[in-house]
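A.B. asks: Here you go, one structure.
The values are calculated or read from the model by the stated rules, or taken from the named source; none is laboratory data. Quick caveat, the model's predicted, so the values are computed rather than measured. Glycine also receives a Cβ, built like all others from the backbone with ideal geometry; neighbour counts cover every protein chain displayed. What goes into the accessible areas is simple: the full protein's heavy atoms, side chains included, and nothing from ligands, DNA or RNA. Shrake-Rupley method; radii C 1.70, N 1.55, O 1.52, S 1.80 Å.
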Amino acid sequence: MPFLLRALILWLHLLAAIIWLGGLVFQVLVVFPTLAWAAPMGERLRFALSLEARFRVILWPAVGLVLFTGLVNLMNVWYAAVVTAGSISPMFIPLLSVKLGLVIGMIAVQAVQQLLLYPKRVAALRAGSAGVQEGAQPFRTWQRLALLLYGALLGLAGGVVWCAVLLRG
């Protein structure tokens, strides 16, 4: 594979990963804490849910691009090892397995967050009185679970980044 094509594939992989993880970090570390200071409660909750819905539009294509370009990068590494009759480091396969497991875990957590928890949070917000300072109990429960999943997702992402650094040497 020509050098420019490999560089483009790697660049697309990194760009998609930055969009995915950067958007999550932005939501957890900037948007949610900032909205915690805003008032009234019903308005900030609707804004947070709207932001999550908008992010989903670019999230899943970025995840797909990460998976596709990651597979192309992996095939390129194996092809280069076969062509040059070189060997792959003995730690490559176990570390790659850990990285793939973490990525699959991230996708599973993100799918639960976006496809199962998000609709329940919207339904609980509509059912409860959003104007009340404390909010409805079911909504608070779903909101806490969502924040817990966001934290787990960022923890898994940290593991993926750590594995990627080790794989690149």
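A.B. asks: Find the accessible area per residue for the chain; the probe is 1.4 Å, ligands and nucleic acids are left out, and the unit is Å².
C.D. replies: 59
A.B. asks: What angle, in degrees between 0 and 90 and rounded to the nearest 10, separates the Cα long axis of helix 41-83 from the longest principal axis of the Cα atoms of the chain?
C.D. replies: Helix 41-83 sits roughly 10 degrees off the main axis of the chain.
A.B. asks: Express in nm, to one decimal, how much length is gained between residue 92 and residue 120 on full extension, taking 0.36 nm for each residue of separation and deducting their alpha carbon distance.
C.D. replies: Computed gain between residue 92 and residue 120 is 6.0 nm.
A.B. asks: Nearest 10 degrees, 0 to 90: what angle lies between the long axis of helix 92-111 and the longest principal axis of the chain (Cα atoms)?
C.D. replies: For 92-111 against the chain, the angle is about 20 degrees.
A.B. asks: According to a simple spin-label model (label point 7 Å from Cα along Cα-to-Cβ), what is the distance in nm between residue 49 and residue 67?
C.D. replies: 2.8
A.B. asks: Further question: At 1.4 Å probe size, what's the solvent-accessible area of residue 50? Round to the nearest 10 Å².
C.D. replies: For residue 50, solvent-accessible area is about 50 Å².
A.B. asks: A further question on this structure: Note down, for the chain, the three equivalent ellipsoid semi-axes (square root of 5 times each alpha carbon gyration tensor eigenvalue), biggest first, whole angstrom.
C.D. replies: Equivalent ellipsoid of the chain: 40, 15, 12 Å, largest first.
A.B. asks: Continuing with this model, one more query. Just order 115-123, 100-108 by mean Cβ neighbour count inside 10 Å, highest at the front, would you?
C.D. replies: 100-108, 115-123
A.B. asks: If I compute solvent accessible area with a 1.4 Å probe over the protein chains, what percent of it on the chain is carbon and sulfur?
C.D. replies: Whole-percent figure for carbon plus sulfur exposure: 76.
A.B. asks: Where in the range 1-26 is the amide nitrogen less than 20 Å from a point lying 7 Å along the Cα-to-Cβ axis of residue 81?
C.D. replies: Answer for the range 1-26: 1-2, 6-7, 10.
A.B. asks: Also, I was wondering about something else. Suppose the chain between residue 29 and residue 108 were pulled fully straight at 0.36 nm per residue; how much longer would it get relative to their current alpha carbon spacing?
C.D. replies: 26.3 nm
A.B. asks: Calculate one ³J(HN,Hα) per residue across the range 9-18 by plugging θ = phi - 60° into the Karplus curve 6.51 cos²θ - 1.76 cosθ + 1.60, and present them in order as whole Hz with x for glycine and proline.
C.D. replies: Karplus-based 3J(HN,Hα) across the range 9-18 equals 4, 5, 4, 5, 4, 5, 4, 5, 5, 5 Hz.
A.B. asks: Right, another one. Through the Karplus equation 6.51 cos²θ - 1.76 cosθ + 1.60, θ set to phi - 60°, convert the phi angles of the range 151-166 into ³J(HN,Hα) values in whole Hz; use x for Gly and Pro.
C.D. replies: With the stated coefficients, the range 151-166 comes to x, 4, 5, 5, x, 4, 4, x, x, 5, 5, 4, 5, 5, 5, 5 Hz.
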